[in-house]
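A short worksheet on the structure shown next.
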Amino acid sequence: MRTIRAGVIGTGMMGERHCRVYANLRGVELVGVYDANPARGREVADKYDARYFDAPGALLREVDAVTIATPTQHHFDLAKEAFAAGVHTLIEKPMAFTLEQGEALVEAVRANGLVVQIGHIERFNPAYIELKNVADDLPLVAIMIRRQNSLDASNKDVDVIYDLMIHDIDLLLNLVGQPVEGVTAFGRSLQGNAIDHAVANFQFRDGPIATLIASRITQQKVRTIDITARNAYVEGDLLNKSLAIHRRVFGEYVSAKYRQESVIERIHVPVFEPLMLQLQHFVGCIREKRQPDVPAHDGLRAMQYAAQIAASVNSISQPDGVYERARAVAGG
């Protein structure tokens, strides 16, 4: 088996996690890292027995695959540099800073034949994988997805739609697999002009209605997906890796005082780290010369709906920071 030489550009919290996983993946060598802060880059390189490179181009000349885990505004230029070097690329979400950049990256991917994967890590969460398997067999009526954090645990460089909700936009579109008919959204800003709490409602042409709630002003960390189907209710917890299916039944009396009215199926969720599964998939796609499950097109689609939701929320603002509900019809 040929060893895949990997590198990481950006050694913040997420970038270091990629270094840790690459360093422990079978058939992968973590060659080196680059970071705009040389002290931080060298610290991470030394920790994982890799080399620090003083420029992205120098690193790209030595690797087969790279993770770009820098602040979002640098994703586009670094991805284009990686493509020009013929390096397979995993780009952390959001894939680009603007829609125009995202569209340009999608076009570049179509032309270059490289494996380009977007870092929507929740696609590889074992709880989501099992939930999707369950949902594929259910007549869906409604979906509720919540992703909530406290402010001190959140990325304050962008609003909550691009920080948190974008994960669930991607999950929702992947879960339903139907064209979106319309989106409505509203939200509230408590810290400056950025949106800190947002709610978006999706309507699918031939599918369920769905509500996404994203907040970074919640005092409890929440990552849940609840599904209402015609014949079941499903509770998924992405954080605690649990999945339960509630079904209504009408059993016979078993005693004078008891009747079985419902059952709960608790689905076994395998214990795997999502990032490990994500990078195994990325490396496997490189070896097998196939496209990844989260291609650039999916990353762009999540960005498009995130932009639409943000524009909808911000379309009418009030002095106290409350944004009135605004209608936005999806483009497809």
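Just so it is clear, none of the values below were taken in a lab; they were calculated from the coordinates. Because the structure is predicted, anything quoted here is derived from the model rather than measured. Reconstructed Cβ throughout: ideal geometry from the backbone, glycine too, with neighbour counts over all protein chains shown.
Looking at the chain, the DSSP beta bridges with both ends there are about 65 percent antiparallel.
Label sites at Asp137 and Ala23, each approximated as a point 7 angstrom past Cα along Cα to Cβ, lie 4.2 nm apart. If you average the C-alpha positions of the stretch 187-241 and of the stretch 95-126 separately, how far apart do those two centres end up, in angstrom? Each part's Cα centre sits 24 Å from the other's.
If the limit is 25 Å between Cα atoms, which of Lys47/Lys132; Lys93/Lys221; Lys241/Lys289; Lys93/Lys289; Lys80/Lys221; Lys132/Lys241 go over it? Checking Cα-Cα distances, Lys47/Lys132; Lys241/Lys289; Lys80/Lys221 exceed 25 Å. Summarising the label geometry, the points placed 7 Å from Cα in the beta-carbon direction at Thr211 and Lys80 lie 4.3 nm from one another.
Rg and Dmax over the alpha-carbon atoms of the chain stand at 21.5, 78 Å.
Could you work out how much longer the chain between Gln291 and Leu239 gets when fully extended? Use 0.36 nm per residue separation minus the Cα distance between them, nm to one decimal.
On the way: separation 52, 0.36 × 52 = 18.72 nm, distance 2.79 nm.
Fully extending the segment from Gln291 to Leu239 adds 15.9 nm.
In order along the stretch 289-296, the phi-based Karplus estimate (6.51 cos²θ - 1.76 cosθ + 1.60, θ = phi - 60°) of 3J(HN,Hα) comes to 6, 10, 7, x, 5, 10, x, 4 Hz; Gly and Pro are listed as x.
Basic side chains Lys and Arg get +1 at the Cβ, acidic Asp and Glu get -1 at the Cβ, and with that the dipole of the chain about its Cα centre reaches some 600 debye.
Is the shape of the stretch 1-133 best called rounded, prolate or oblate, per the rule: a/c under 1.5 gives rounded, else a/b larger than b/c gives prolate, else oblate, with a ≥ b ≥ c the square roots of the Cα gyration tensor eigenvalues?
rounded
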